[in-house]
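Sharing a structure, written as structure tokens. Questions coming.
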Amino acid sequence: MFGGTFNISRLNRKYRFMLFIVTAALLSGCGSSMRPRDGAVAAYSTSPEYGAQCNSFAAVGTVLSGQVTTYYSNGALIEDRVRLRFTSIAAEFSQAANYSIRFFRWTVDGNGAAVLDPQPLSFVVERNPLFAGMGSTPISNAMTALTLNDISTLAWSSGLIVNTVQDFFNNVTITVMGVDYGWSALKVALYNGSEPVGEADLLLPVFLANPHAYAATHHPVLAQLHPFWNQRGENVSDADWLNRSKNFCF
């Protein structure tokens, strides 16, 4: 399943770092425009300027979906954080206090083996700005799991008026920390007590928006996580792939 002999981990660090450097120089935010590549002669480019800064996820077998984007602070791209919003959540989460949401980082090593950090990542829940141009406001300390009781407490303490769990998620953004460029993917997991009952895996931005370009430099296990993997048969330019990825931004 994880066949391959080339050093994926090294390539991943190289390309995500290059993407970080270029996008930090070219962009002031997720939705900013990128400079087109002049004189393109190849079918696709592995140039970092075509790096997607946003992604989406959806769990198989349970309702758990959302969007992820890069994290900026004072106009600077911060490489070890991402911002996440849930667009849907499993009904079970709203019905039992023992359900929780956790986040994990993983990658593929030089031998082609998936490497998962078993320690859940820390995150902070932030209230979305009331007006455009205003920043988000943290309403929690660093956490490693989010439960129904946590949501009730955070909604009450922050003055959020919500009727459902989804109402809460519609008004907050989760900042996940510890996802530096030594890691390739994020696992969003739903737990029942200590047992995982649903999960979704996604590539951490920044990654090459063109699925062909990404597959040329990464292990197939990671390539198949690309949001446009099932659309790779379409004749689409690098710039078009990049524009498609902006649909995931928020």
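Bear in mind that the values in this text are calculations on the coordinates, not laboratory data. Small disclaimer: the values here were computed from a predicted structure and weren't measured. Cβ: placed from backbone, ideal geometry, glycine included. Neighbour counts: every protein chain shown.
Taking the Cα centre of region 102-173 as the origin, how large is its charge dipole in debye, to the nearest 20, when only Lys and Arg (+1) and Asp and Glu (-1) carry charge on their Cβ atoms?
The dipole of region 102-173 has a size of about 60 debye.
What's the magnitude of the charge dipole for region 127-224 around its Cα centre, counting Lys and Arg as +1 and Asp and Glu as -1 at the beta-carbon? Answer in Debye, nearest 20.
200
Where the centroid of each part is defined by its Cα atoms, how far is region 195-250 from region 123-173 in Å?
28
At 0.36 nm per residue, and after removing the present C-alpha to C-alpha distance, how many nm does the segment from ALA43 to VAL60 gain when stretched out fully?
Here the segment from ALA43 to VAL60 would lengthen by 2.9 nm.
When the dipole is taken about the Cα centre of region 43-135, and only Lys, Arg (+1) and Asp, Glu (-1) are charged at their Cβ, what size is it in debye, to the nearest 20?
260
In nm, to one decimal, how far is the modelled label at ASN141 from the one at PHE250, with both set 7 Å along Cα→Cβ?
Distance between the two pseudo-spin positions: 2.6 nm.
Would you mind ranking ASP80, ASP150 by Cβ crowding within 10 Å, fewest neighbours first?
ASP80, ASP150
I would also like to ask the following. Report the relative contact order of region 100-250, percent, no decimals, based on alpha-carbon pairs under 8 angstrom and at least 6 residues apart.
Reported as a whole number, the value is 23 percent.
How far apart, in nm, are two points set 7 Å out from the Cα along the Cα-to-Cβ line at ASN74 and at ASN170?
It works out to 3.6 nm between the two label points.
Percent relative contact order of region 166-248, based on C-alpha pairs within less than 8 angstrom and at least six residues apart?
21
Further, regarding this structure: With an 8 Å cut-off on Cα pairs and a minimum separation of 6 or more residues, tell me the relative contact order of region 111-197 in percent.
Here the relative contact order equals 30 percent.
How much length is gained if the chain between THR153 and ASN192 is pulled fully straight, taking 0.36 nm per residue apart and subtracting their Cα-Cα distance, in nm to one decimal?
Gain in length upon complete extension: 12.1 nm.
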